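The values are calculated or read from the model by the stated rules, or taken from the named source; none is laboratory data. Given the structure is predicted, the values throughout are model-derived calculations rather than measurements. Quick reminder, even Gly has a Cβ in these numbers, built from the backbone with ideal geometry, and neighbours come from all protein chains shown. For the accessible areas, the whole protein counts, side chains as well, though only heavy atoms, and no ligand, DNA or RNA atoms are used. Shrake-Rupley method; radii C 1.70, N 1.55, O 1.52, S 1.80 Å.
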Amino acid sequence: MNEFFMKKALEEAQKAFELDEVPVGAVVVRYGEIISTGFNLRESQKDALAHAELIAIREACKKLGGWRLIDCELYVTLEPCAMCAGAILQARIDKVYLGAMDPKGGAAGSVLNLFKDYHFNHSCQVEYGILQEECSQILKDFFKRKR
């Protein structure tokens, strides 16, 4: 089931790729149902906050009618940055499934780990490496095309 939802996140990343955005996609799931999706739109919207995770979280909050995303899981193709990891914790997401790691800016273990190394009033589980090769490849293809 994890691969199914990560494939959905990869479909979102492909939408970003087609818009010449860094291809990152995210999907919020609750009780086995997709609640919301998002993909990077920072360049298109000229907005530093338009990360895939934040877009998906914002939409899930609207759809569910509150800021607490209890019983929700997030699938994201790239390890979240510190801003997104903080938003995940603030939204009370129960579990995060990650594709590729981000050795330059990741906040789930690469550069720092906001989910494990700090003691916030909420914690979430993290599962690493879901469709890691596919999630890494779309990023490699994007940056290869940029060069």
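May I ask you to list the residues in region 59-102 that are in contact with a Gly (Cβ under 9 Å, 6 or more places away or on another chain) and free of Cβ contacts under 8 Å to residues at least 12 places away in the same chain?
Matches in region 59-102: none.
Taking the stated definitions as given, is Ala87 aliphatic (A, V, I, L, M) and under 18 Å from Lys140 (Cα atoms)?
The answer is no for Ala87.
Applying the selection to region 75-123, what residues are of a type in the set (Phe, Trp, Tyr) and part of a loop (DSSP other than H, G, I, E, B)?
Across region 75-123, the qualifying residues are Phe115, Tyr118, Phe120.
Does region 79-101 contain at least one residue that is surrounded by fewer than 14 Cβ atoms within 10 Å (Cβ to Cβ), more than 19 Å from Leu131 (Cβ to Cβ) and within 15 Å of the chain's Cα centre (by Cα)?
no
If only one of Val76, Val29, Val22 is touching a Leu at 6+ places or on another chain (Cβ under 9 Å) and farther than 30 Å from Lys144 by Cβ, which one is it?
Within the list Val76, Val29, Val22, the selection yields Val29.
Kindly check whether there is at least one residue in region 120-132 that is open to solvent by 40 Å² or more (accessible area, probe 1.4 Å) and among the acidic types (Asp, Glu).
Yes, the conditions are met somewhere in region 120-132.
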